[in-house]
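Worksheet: the structure to be examined is printed underneath.
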Amino acid sequence: MLLRKCLMLLLAGVILIATSVLVLDVAYALLMSSLPPFVTTPPPPFIITLVSVLVAYEALKTIGCLMCSISCGMLFLSRDVDLKPAERVAALIGLLFFTWLLFAHPGAYYDIISYLRPVRPCLLP
């Protein structure tokens, strides 16, 4: 019974992570389609929309990674489930991978964040 719960939790977490990647792609497409070339800062209403999409991305990714990490951790530590040693090692690798993924961001995230940072004028000596 615990194995079935862990696998359902793992599947739900992977679906949430995939959804967060789709949300990030929507934000990136929104940014690239609405900005003319050579614009350094987007208009303020657009920034609010972009930030809200990034918050949705972060929330979905965080919840998905936590669900997957908890599921892999339960599989690794549980003695009720009869797993082979290789399966326990796979659960440990999954736990480490989803914990790392919690703090890693794809390149599109940094492209969007670079547009949100204010442009600072060069200070002359």
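Values in this text are rule-based calculations from the coordinates and carry no lab data. Note that the structure is a prediction, hence the values are computed from the model and not measured. All Cβ positions, glycine included, derive from the backbone under ideal geometry; neighbour counts span all protein chains shown.
Identify, please: which residue in segment 59-100 is without any contact (Cβ under 8 Å) to a residue 40 or more places away in the chain and β-branched (V, I, T) and is, among those, farthest from V14 (Cα to Cα)?
V89
Do you know which residues across segment 50-69 are among the β-branched types (V, I, T), under 15 Å from A29 (Cα atoms) and surrounded by fewer than 16 Cβ atoms within 10 Å (Cβ to Cβ)? Working first, answer last.
Filtering segment 50-69 for residues among the β-branched types (V, I, T) gives 51, 53, 55, 62-63.
Keeping just the survivors that are under 15 Å from A29 (Cα atoms) gives 51, 53.
V51, the sole residue that qualifies.
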